[in-house]
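Undergrad: Handing you this structure, nothing more for now.
Rule-based calculations on the coordinates, nothing more; no lab input. What you see is a predicted model; the values in this text were computed from it and never measured. Every residue, glycine as well, gets a Cβ built from its backbone with ideal geometry; the counts of neighbours run over all protein chains shown.
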Amino acid sequence: MMDKLIKWSVDNRYLVVGIAAAFTLFGVIVCAGVSVDVFPDLTAPTVVALTEASGMSPADVVDELIRLAFAAHAEKRKTVYNYKTGLIDHAAARGLKGIKK
């Protein structure tokens, strides 16, 4: 069977080259229309937590929230995390003066 296919391809080489060129052109046209996300979104997820903690400094509140978040995650995963050297890239806190309930 392969012998017949090879013989037919050699006998009709212009047709085979034309079909190959048509497939190549079709592939180039299709690839040109495909949108590719070359640069993925590299921003880290952000969590904003608004809380009231009378008598605590903003830094203490952040430490407590981070500790609670890592403790909950560790409990879920059954692992132990050191929240001071964990996966948090940046934690900031500030007091909001003038906001009353």
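Undergrad: Val47 to Val17: extension gain in nm, 0.36 nm per residue of separation minus the Cα-Cα distance? The partial results should precede the final answer.
TA: Working: separation 30, 0.36 × 30 = 10.80 nm, distance 5.84 nm.
Gain on stretching Val47 to Val17: 5.0 nm.
Undergrad: Step through the residues of the stretch 3-14 one at a time and calculate ³J(HN,Hα) from phi using the Karplus curve (6.51 cos²θ - 1.76 cosθ + 1.60, θ = phi - 60°), rounding each to whole Hz and writing x for Gly and Pro.
TA: Each residue's phi maps through the Karplus curve to give 4, 5, 5, 5, 4, 5, 5, 5, 5, 10, 4, 5 Hz.
Undergrad: Ranked by Cβ crowding within 10 angstrom, fewest neighbours first, how are Arg67, Arg13 ordered?
TA: Ranking Arg67, Arg13 by Cβ neighbours within 10 Å, fewest first, gives Arg13, Arg67.
Undergrad: 7 Å from Cα along Cα→Cβ at both Val10 and Ser35: what's the point-to-point distance in nm?
TA: In this crude label model, Val10 to Ser35 measures out at 5.0 nm.
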